[in-house]
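The values are calculated or read from the model by the stated rules, or taken from the named source; none is laboratory data. All of these numbers come straight from a predicted model, not from anything done at the bench. Don't worry about glycine lacking a Cβ; one is built from the backbone with ideal geometry, like all the others, and counts go over all protein chains shown. Keep in mind that these areas ignore ligands, DNA and RNA; they rest on the heavy atoms of the full protein, side chains included. Shrake-Rupley method; radii C 1.70, N 1.55, O 1.52, S 1.80 Å.
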Amino acid sequence: VDSLKGQAITKQLSETVDEIQKQIGKKIFESTLQGQLPDSSTLIEKQDIIKLKKCIFSAQRTKLPPIVTHNVLDDGIDPVLCSLRRVQLFNRREDRVKVIFHPEFLSPTNPLFKMDYEEFVRGSHLGVFPSYYEPWGYTPAECTVMGIPSVTTNLSGFGSFIGKNVSDPSAYGIYIVDRRFRSVDESIQQLSQFMFEFSTQNRRQRILQRNRTERLGELLDWNQLGQFYRQARHKALECTHPEYYKLRRRGSFASLKDMKYPRPYSLPPSEPLHTVCIYIYNYSFIGHEVSSSI
């Protein structure tokens, strides 16, 4: 309810500002057309100020903004909400990290976001998927294809694949957290450092990194990855039905094994970036203290 109410207030404010903006533009045009500079004291009428005050008053709240967009069943034992409460991520004004937990699949018919999954991912700065185990991991792969940098781990199939086939993954916007040979605290510290370093990039650096990330899409093309699926299927059939199925040897994968993406030639210096939209899919790290804040 709070989410829908906030959306309605925001929509009303946007429509009011658009209406006032059109009126101001019309006044500036008519005044300039007459050969006179517009008078700033007459650009906004009294009724317009009243409308804006109403919008400001309706947007005021006595409680903190919600951290979840839905009424979650048994929210007192929900692991994500309990972890957010434990680390006190309540969307306070002074909090440097704001959280929006949306426990539902995205679709254009969603009354809150009204966008599909691809639009949402492309609107994010960084995807964070610190999986403790994942056979492959489509979410960071989808981010890569759409040119969005992401965080993964070396315990996921995607992270291991990128680590083997890309010389400097972080330069291409793929940050691989070591969860295989490091302790939990060390992995958390590494994840924090990756996110902090990403937040210090300026706009030009993020654009260049996005272009490099999207360049890895050819490595994740189905013409490449489909061969592994077919090979795994043939091997499984050979093991389960050896008397009926004989593994057919397909073409070798030497072209992929021998190929390794080199490190980009130039990496420009950093400038601070203050606001970063981060898409977190896996919550295995929530609940631990993160020493570096964004």
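Classify region 155-220 from the C-alpha gyration tensor, please: rounded if a/c falls under 1.5, else prolate or oblate depending on whether a/b exceeds b/c. Walk me through the intermediate numbers first.
Working: a/c = 3.27, a/b = 1.21, b/c = 2.71.
Since a/c reaches 1.5 but b/c is at least a/b, the shape of region 155-220 is classed as oblate.
Amide H contacts under 5 Å for TYR261: VAL166, SER167, restricted to partners 5 or more places along the chain or on a different chain, H placed in the peptide plane at 1.01 Å from N. When the surface is traced with a 1.4 Å probe over the full set of protein chains, LYS54 keeps roughly 130 Å² accessible.
Could you pull out the pairs from LYS26/LYS53; LYS27/LYS53; LYS5/LYS51; LYS98/LYS164; LYS51/LYS98 whose alpha carbons sit more than 27 Å apart here?
Numbers: LYS26/LYS53 22 Å; LYS27/LYS53 22 Å; LYS5/LYS51 18 Å; LYS98/LYS164 35 Å; LYS51/LYS98 29 Å.
Violating the 27 Å Cα-Cα cut-off are LYS98/LYS164; LYS51/LYS98.
Put simply, the amide H of VAL128, placed in the peptide plane, has neighbours under 5 Å in VAL151, TYR279, ILE280, TYR281, leaving out anything fewer than 5 places away on its chain.
Sorting CYS239, CYS55, CYS82 by accessible area puts them as CYS239, CYS82, CYS55; the probe is 1.4 Å, largest comes first, and only protein heavy atoms count. Based on the alpha-carbon gyration tensor of region 1-62 and its eigenvalue square roots a ≥ b ≥ c, which shape applies: rounded if a/c is under 1.5, prolate if not and a/b is larger than b/c, or oblate? Judged from the Cα gyration tensor, region 1-62 comes out prolate (a/c at least 1.5, a/b above b/c).
Taking all protein chains together and rolling a 1.4 Å probe, THR10 ends up with roughly 90 Å² accessible. LEU64 exposes around 90 Å² of accessible area when a 1.4 Å probe is run over every protein chain in place.
With all protein chains present and a 1.4 Å probe, how do LEU216, LEU106 order by accessible area, largest first? It would help to have the intermediate numbers written out before the result.
Details: LEU216 0, LEU106 40 Å².
Highest to lowest solvent-accessible surface, that is LEU106, LEU216.
Here the Karplus relation 6.51 cos²θ - 1.76 cosθ + 1.60, evaluated at θ = phi - 60°, turns the backbone of region 79-91 into coupling constants of x, 5, 5, 5, 5, 5, 5, 5, 8, 6, 9, 10, 6 Hz, with x for every Gly and Pro.
Taking a straight line from the alpha carbon of LYS235, these aspartates and glutamates sit under 20 Å away, with near neighbours fewer than eight places off in the same chain left out: GLU243. For THR69, neighbours were defined as the other residues whose beta-carbon sits under 10 Å from its Cβ, and their charges (Lys and Arg +1, Asp and Glu -1) total -2.
For region 23-40, backbone phi angles converted through the Karplus equation (6.51, -1.76, 1.60; θ = phi - 60°) give residue-by-residue couplings of 5, 5, x, 5, 5, 4, 5, 5, 5, 5, 4, 8, x, 10, 6, x, 8, 5 Hz, Gly and Pro being listed as x. Once backbone amide H atoms are built at 1.01 Å from N, VAL177 has THR152, THR153, ASN154 as its partners under 5 Å, excluding neighbours fewer than 5 places away on the same chain.
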